[in-house]
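**Q** One structure, as structure tokens, below. Some questions next.
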Amino acid sequence: MTPLLELRDVHAAYDAIEVLHGIDLAVDRGEVLAVLGPNGAGKTTLLRVVSGELVPTRGDLLVGGRRLNGAAMSDLARAGLCTIPEGRGVFPNLTVQENLWMMTHRGLSRRDVEEAAFGYFPRLQERQSQLAGTLSGGEQQMLAVARAVSTRPALLLLDELSMGLAPIIVGELFAAVGRLAAEGVAILVVEQFADAALALADHAVVIAQGRIAASGTPTEIKEALRSTYLGADTPA
Amino acid sequence: MDTFLSLTVSGLATAAIYAVAASGLVLTYTTTGTFNFAHGAIGMISAFLYWQLRFDWGWPTPVALVAVLLVAGPLFGMGLERVVMRRLEGTSEITRLVVTIALLLGLLGLSVFIWDPGVGRPMRNFFAGNVVEVGGIRIPWHQFVALAVAAAVAVGLRILLYRTRSGVAMRASVDNRTLAALNGARPERSAMLAWAIGCSLAALSGILIAPTLTLSAIPLTLLIINAYGAAVFGRLKSLPMTFVGALVLGLLNDYAIGYLTELPDDLEPYFRGFVAAIPAILLFVVLLVMPASRLGGVTRSREISVKPGWGGSLGLAAAVVIGTAMITPLLRTSDLVSIGRVWGLAIIGVSMVPLIGLCGQLSLCQLTFAAWGAIAYAHLQWDNPLALGWAALVAGAVGALVALPALRLKGIYVALATAAFAVLCDRWLFQFPPFSIGSHEFDLFQNGTLEVVRPRLPGVDFSGPKAYFLFASIVFALALLAVVAVRRSTFGERLIAIKEGPAAVATCGIDVNAAKVAVFALSAAIAGVGGAVLSGAEPANNSTFDFVAGLPVLMVMVIGGVASVGSAIATGIFLGSPLMSRIFPGFERWQNILVGFSGVGLGKNPNGFTADLRRPSTLVKRDPVVLVGMLVALLALWGMRTAELFTNGPYVVASLAVLLAAPIVAGRRAATAAPVTEAEETREAVDAARLAGAVDGRLSAPPELLGLTAPFQDTDVAVLDEVIDLVEIHDGGRGDRVRI
Ligand SMILES: Nc1ncnc2c1ncn2[C@@H]1O[C@H](COP(=O)(O)OP(=O)(O)OP(=O)(O)O)[C@@H](O)[C@H]1O
Ligand SMILES: [Mg+2]
């Protein structure tokens with residue numbers, strides 16, 4: 001069976017500076033893949049390539065077996081690829097309601113989107129007509145994740161969901177992500193804090209300096225990371 | 001009381017038109033980040049088109065309206081977005097502004113080209129002749145029409161932006177383009193929609209405002225530009241505040257028209273131009289009270305500034321003076337009349353280099369600085385070349401004064417403030433009748449043209465037309481060298497740093513404000529000298545220096561490369577001499593169109609074409625045989641011309657041909673030349689190959705990996721040397737050429 005998402009020897013660069021030097025990975029339908037790695041390793045860049053923001057300079061991006069190098073971000077989004085970018089993925093000068101309105105691009109009605117979003121995050125309902133920029137960091141991230149829960153994506157890309165948030169909120173967000181995973185949504189999750197991601201994942205890879213440094217089951221990767229942090233050999 | 005009421009009603013109608021114009025401007029700016037300076041010109045040309053359809057071809061009013069507002073306007077806007085604006089992605093806000101200024105110029109040229117300005121084109125108001133009486137005041141119907149249209153626009157925009165998904169998507173892509181795309185929105189569609197609506201609103205305001213004056217390109221364009229003041233009132237963001245701004249502007253305008261005529265006779269002349277200057281004044285005031293913009297972070301742009309060497313600059317300055325000395329005897333006095341403006345304009349052009357090119361402050365009032373210089377120079381009536389120093393001093397002081405408000409502003413607001421200053425001077429101050437302060441009489445433009453005395457030194461008299469032309473070239477050469485000196489100094493480096501990262505510069509303990517004032521003063525002083533020289537070459541009046549006259553100068557400088565002194569020569573020759581119209585008859589009609597539309601193509605090459613001339617000139621400089629050959633050929637042609645073997649036309653063409661051929665020959669020779677020394681061999685071959693275009697400036701690996709993943713190639717050295725602009729020097733000891 002062809003995997004849902006496949007990267008083959010993907011290289012990516014900002015201007016003349018190459019950041020990814022040949023990444024191979026695959027995500028099957030319903031699978032959760034955790035991508036770990038130090039700062040500057042190229043994790044965000046990897047997600048940019050998958051979401052269509054950055055065109056690979058070499059190699060192929062395949063979705064459902066089709067080569068999609070250079071496809072427009074908006075087309076990928078309409079086709080069912082949902083990206084929650086690093087930082088706060090909301091429109092600060094739009095109200096919560098208007099933010100939700102923007103999530104109707106997959107053909108859902110405004111009401112369906114609101115129902116799904118408020119079902120997962122009741123707090124947002126109370127703040128419907130507030131500007132998103134005035135929400136707390138946690139609420140903003142909930143609003144961002146609402147796109148994932150309301151658009152029924154085939155593949156969800158998450159970049160550092162937990163950044164700058166309190167553990168309780170992180171727990172709440174990951175609970176929502178867990179429910180999506182249970183419903184069969186394939187997820188590619190990038191995290192600095194390995195535990196939350198590994199708990200969810202079926203498979204994990206470590207990226208270092210633009211290359212896949214290790215790949216395996218969550219337990220194996222956990223072991224490998226531990227030995228790295230304890231100063232043992234780098235994972236092979 | 002009746003006067004007051006009817007002025008209020010007519011003021012509201014004026015406000016309504018301004019509101020329509022300004023809201024279109026704000027819509028495109030917020031959605032696309034491009035301030036469309038050509039908004040006024042789009043309105044102007046739409047009004048012409050409407051006149052053509054409705055009055056010349058006699059189409060029914062509704063059909064003509066639909067054709068202009070719902071077909072031509074939106075199509076033009078969408079085309080503009082697709083063909084021009086989309087390619088400007090990633091360029092600085094200033095580059096995009098300059099492109100729209102170019103568009104304004106191009107549209108002005110186009111309208112004059114299509115609709116002969118010599119023909120009167122009356123345009124009637126809607127429902128002309130119909131008047132309603134309300135409470136004793138007679139209100140023409142067309143004023144109601146304006147009010148109704150503005151109300152409809154306000155409601156329509158509100159609904160669009162808050163009640164439709166396309167509108168919300170437009171606002172979303174203002175907030176975060178990438179995120180909008182991740183939500184399946186197509187930001188380029190939002191941009192296209194914004195341009196379409198913006199152009200349609202510009203057209204609407206043009207049609208509404210045109211009947212107040214006879215259809216005429218420049219006044220109509222400027223009239224719509226007045227609305228920019230209203231847009232700035234809303235900080236180019238808020239539509240409601242824009243409407244408030246329009247209200248203030250419209251009411252002030254009509255009250256001023258109504259009440260200023262009642263001023264006592266001795267005061268009235270001083271306020272004659274005041275009404276026309278109100279929008280500019282309001283714009284200035286709004287910019288003054290606006291909260292200061294914070295210093296920007298580092299901006300990466302595709303624009304680079306190459307440091308000129310002394311050798312080349314002295315050579316250029318000498319070439320200017322010697323060339324002029326050689327050519328002048330060949331010219332008839334009648335030729336000098338048409339060519340006299342060359343050096344004055346070139347000096348004004350070179351004044352833009354430090355301010356706009358290096359420091360990135362887009363001043364649209366360089367010609368106004370020139371005017372102040374010319375006025376001071378004429379006022380002094382001193383036949384010593386030092387009188388130019390006085391012109392510089394006065395213009396420099398004006399420049400410093402303008403810099404004060406500009407300090408608080410950045411980007412497009414500097415452009416708007418300087419434009420407002422230019423218009424304020426054109427329409428009001430320069431229209432003053434003679435006045436006296438204390439016992440001293442002032443007469444700015446002497447009710448017409450400036451009377452200037454040409455300079456004279458003991459033994460040298462520059463007052464003849466030929467001698468004056470040479471004198472002007474010397475002044476230009478000095479100005480050029482002064483600017484080169486500034487560029488090479490620490491001050492010059494600071495200016496570039498301010499352009500690229502003002503906040504970073506400030507944290508280095510450099511006083512950004514002092515540097516900005518200094519560069520404004522310096523640039524204005526040079527422009528002032530240019531104005532003085534220009535007014536000595538030909539009778540100068542107010543319109544010699546007006547705002548619109550300044551735009552082609554800026555554009556040619558920008559097209560040539562506003563950071564390089566060489567483009568000043570191009571500016572002078574292109575705009576000040578009949579060269580182009582001799583080669584291409586009928587060129588005047590094409591000039592603005594050509595300049596405008598080449599400026600529109602600027603996004604591709606923001607460094608201007610003189611950057612492309614560096615390679616050819618380096619090639620020639622490196623090859624002594626070709627260099628000498630070129631000079632000999634030029635001299636020979638000159639000799640033959642002096643011997644009257646042919647006339648000026650063939651002479652110019654032949655000389656241009658020699659100048660063009662030299663780099664081509666040098667390129668051929670370099671490509672096939674035998675290497676001089678062993679050590680130089682590879683370097684020479686690489687240079688030659690690169691200059692001949694064989695190596696297209698690509699590194700063999702990303703710079704941080706050069707030498708790590710693959711061996712360091714000679715081409716890499718060459719490319720990197722060029723990128724960081726290393727100077728080549730000769731190592732005296734071994735005679736090898738080395739680079740430092
Ligand atoms: N827009 C950009 N232009 C140039 N270089 C960039 C850009 N964005 C990222 N980089 C560089 O690419 C490399 C990888 O960055 P990336 O953001 O992918 O790392 P990351 O693994 O997501 O790091 P973090 O964990 O800190 O988010 C870094 O060296 C970074 O400096
Ligand atoms: Mg990242």
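Rule-based calculations on the coordinates, nothing more; no lab input. Since this is a predicted model, take the numbers as computed values, not measurements. Note that each Cβ is placed from the backbone with ideal geometry, even for glycine, and that neighbours are counted across all protein chains shown.
**Q** Using a cut-off of 14 Å between beta-carbons, work out the net charge of the residues near B:Val414 (Lys and Arg +1, Asp and Glu -1, B:Val414 not included).
**A** +3
**Q** Which lysines, if any, have their Cα less than 23 Å from the Cα of B:Lys410, not counting same-chain residues under 8 positions apart?
**A** Here the lysines satisfying the reach criterion relative to B:Lys410 are B:Lys237, B:Lys499, B:Lys516.
**Q** Longest span of chain B, sites excluded, free of chymotrypsin sites (Phe, Trp or Tyr not before Pro) in DSSP loop with at most 15 other C-beta atoms within 10 Å?
**A** So the longest stretch without any such site is B:128-381.
**Q** Follow-up. Tally Lys and Arg at +1 and Asp and Glu at -1 over the other residues with C-beta under 9 Å from the C-beta of A:Gly80: what net charge comes out?
**A** Result for the local shell: +3.
**Q** Okay, next question. Using Cα atoms only, what is the angle between the long axis of helix A:110-120 and the major principal axis of chain A, expressed in degrees (0 to 90) to the nearest 10?
**A** 70
**Q** Between the stretch B:396-467 and the stretch B:344-374, how far is it from one alpha carbon centroid to the other, in angstrom?
**A** 13
**Q** Please compute the volume of the convex hull spanned by the alpha-carbon atoms of chain B and report it per residue in Å³.
**A** Output value, Cα hull per residue: 198 Å³.
**Q** Starting from the Cα of B:Lys621, draw a straight line to each of the lysines and keep only those under 25 Å, dropping any in the same chain fewer than 8 residues away.
**A** Reachable lysines: B:Lys307.
**Q** Here's something else I'd like to know. In what sequence do B:Glu644, B:Glu81 fall when counting other Cβ within 10 Å, fewest first?
**A** B:Glu644, B:Glu81
**Q** Consider just the alpha-carbon atoms of the stretch B:18-127 and return their Rg together with their Dmax, both in angstrom.
**A** Values for the stretch B:18-127 (Cα only, Rg and Dmax): 15.2, 47 Å.
**Q** Measuring from centroid to centroid over Cα atoms, what is the spacing of the stretch B:498-515 and the stretch B:523-551 in Å?
**A** If you average the Cα positions of each part, the centres end up 31 Å apart.
**Q** Please label the shape of the protein assembly as shown as rounded, prolate or oblate, based on the square roots a ≥ b ≥ c of the eigenvalues of the alpha-carbon gyration tensor (a/c under 1.5 means rounded; beyond that, a/b larger than b/c means prolate, else oblate).
**A** Oblate.
**Q** I've got another one for you. On a 0 to 90° scale, report how tilted helix A:137-150 is relative to the longest principal axis of chain A, with both axes built from alpha carbons and the result rounded to the nearest 10.
**A** Once rounded, one gets 90 degrees.
**Q** A follow-up question, please. Provide the FRET efficiency to the nearest 0.05 for the A:Ala16-A:Arg67 pair, computing r from the beta carbons and using R0 = 25 Å.
**A** Approximately 0.50, to the nearest 0.05.
**Q** Which net charge results when you count Lys and Arg as +1 and Asp and Glu as -1 among the other residues whose beta-carbon is under 11 Å from that of A:Ala201?
**A** Around A:Ala201, the surrounding residues sum to -3.
**Q** Using the membrane-span-like helix rule (whole DSSP H runs, Cα extent along the own axis of at least 24 Å, mean Kyte-Doolittle hydropathy at least 1.0), which helices of chain B qualify?
**A** Helix filter hits for chain B: B:2-32, B:93-114, B:141-163, B:187-209, B:239-260, B:310-327, B:387-407, B:465-488, B:512-537, B:624-642, B:648-672.
**Q** Here's another thing I want to ask about it. Can you give the Kirkwood hydrodynamic radius of the stretch A:90-152 from its Cα pairs, in Å with one decimal?
**A** After inverting the pairwise mean of 1/r, the radius is 11.0 Å.
**Q** Let me ask something else. Say R0 is 51 Å: what FRET efficiency, to the nearest 0.05, do B:Glu89 and A:Arg111 get from their beta-carbon distance?
**A** 0.90
**Q** Roughly what % of Cα-Cα distances in the stretch B:101-173 sit above 19 Å, to the whole percent?
**A** 67
**Q** Still on this structure, please answer the following. Distances over 31 Å make up what percent of all Cα-Cα pairs in chain A?
**A** The calculated P(r) of chain A puts 21 percent of pairs beyond 31 Å.
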